[in-house]
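What follows is a single structure, written as structure tokens, with notes after it.
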Amino acid sequence: MALTEVARFQDLVEGDLALAFLRAHGIEAELAGRGHASIDPVMQRALGVRIMAPEAQREEALALLARARAGEFATDEGDDLASRDAPAHAAGGLIALATAATGSFSGTSLPRRLKPVHWIGFVMVAALALTWLLPYLPWS
């Protein structure tokens, strides 16, 4: 059984979703490139992953993917994800910024001391935190 490329995705998750969709509709598809995509995210973006299907089912697979992209299988239920809580989302971003600004991403397990340049970064992140969170504070 000769396989031919049906679709190419830059993201492993998108490839897996499309593969599951095709298999649910009776297409005997495979995902080529899962190995390099799951090991090295940079290679995943560079090479992508490919959905391969038997030549006899290629046209049917292409038609199904085209119908899915057109939204034919969408439902009116909407998204079941809760909307982001703005203060919590801002706080998470500030924690990441503070970690980067204070030098905590260096690659050793030795105790770290904040250098003056890191203190400047920490003060800048604290100022941004106050700017972003001030409207959400209960006393403002």
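Readers should treat all values here as calculations from the given coordinates under stated rules, not as data from a laboratory. Since this is a predicted model, take the numbers as computed values, not measurements. Positions of Cβ are generated from backbone atoms using ideal geometry, with glycine treated the same way; all protein chains shown enter the neighbour counts.
Under 5 Å from the amide H of Ala7 lie the amide H atoms of Ile51, each residue being 5 or more positions distant or on a separate chain, with H modelled from the backbone and absent for Pro and chain starts. Here the range 9-53 yields Rg over Rh of 1.00, to two decimals, using C-alpha coordinates and the Kirkwood radius.
With Rh defined as the Kirkwood radius, the inverse of the mean 1/r over Cα pairs, the Rg/Rh of the range 1-76 is 0.99.
The GluC sites (Glu not before Pro) of the range 1-67 that DSSP puts in a loop, and whose beta carbon has at most 16 other beta carbons within 10 Å, are Glu28.
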